Amino acid sequence: MIEMSLERGVLTPTTDKDGKPTTEIKNFTTSFNLPLLTIIPVNSLGVNNVDISFEMEVKSSFSETESIGVNTIIEAFTQAIQPIEMPKQEGKEDESAK
């Protein structure tokens, strides 16, 4: 085991001389024991290959099919590429109106 300690500043609510609420930073130290194995890189425990096998039973299944025609595709395409009208900018005349 490795004995470690961590010192950090913590904001603590207090009151000043006039009784007004304030905050101050107090240092706190946390000590703990850490196993040596947890800080040594073990390269994912040295695993090079994993073989997973499982069994599964299908209780039920279903399928759906939908047929769309060429006209439907063309209609969707033409709706997607309709022209966009740009708003007129102030101070610029519409050149197509001339």
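Order the peptides 13-23, 54-64 from the highest to the lowest mean number of other Cβ atoms within 10 Å of their residues.
Taking the mean over residues of other Cβ atoms within 10 Å, the ranking is 13-23, 54-64.
What distance in nm separates the simple spin-label points at residue 16 and residue 4, each placed 7 Å from Cα in the Cβ direction?
3.9
Once Lys and Arg get +1 and Asp and Glu get -1 on their Cβ, which of 41, 27, 72 lies farthest toward the positive end of the dipole of segment 1-75?
27
Suppose every Lys and Arg Cβ carries +1 and every Asp and Glu Cβ carries -1, with no other charges. What dipole size does segment 1-46 come out with about its Cα centre, to the nearest 20 debye? All intermediate terms of the calculation are to be shown ahead of the outcome.
Values: 4 positive and 5 negative charges, 14 e Å.
Approximately 60 debye in magnitude.
Values in this text are rule-based calculations from the coordinates and carry no lab data. Worth saying up front: this structure is predicted, and the values here are computed from it rather than measured. Positions of Cβ are backbone-derived with ideal geometry, glycine not excepted, and every protein chain shown enters the neighbour counts.
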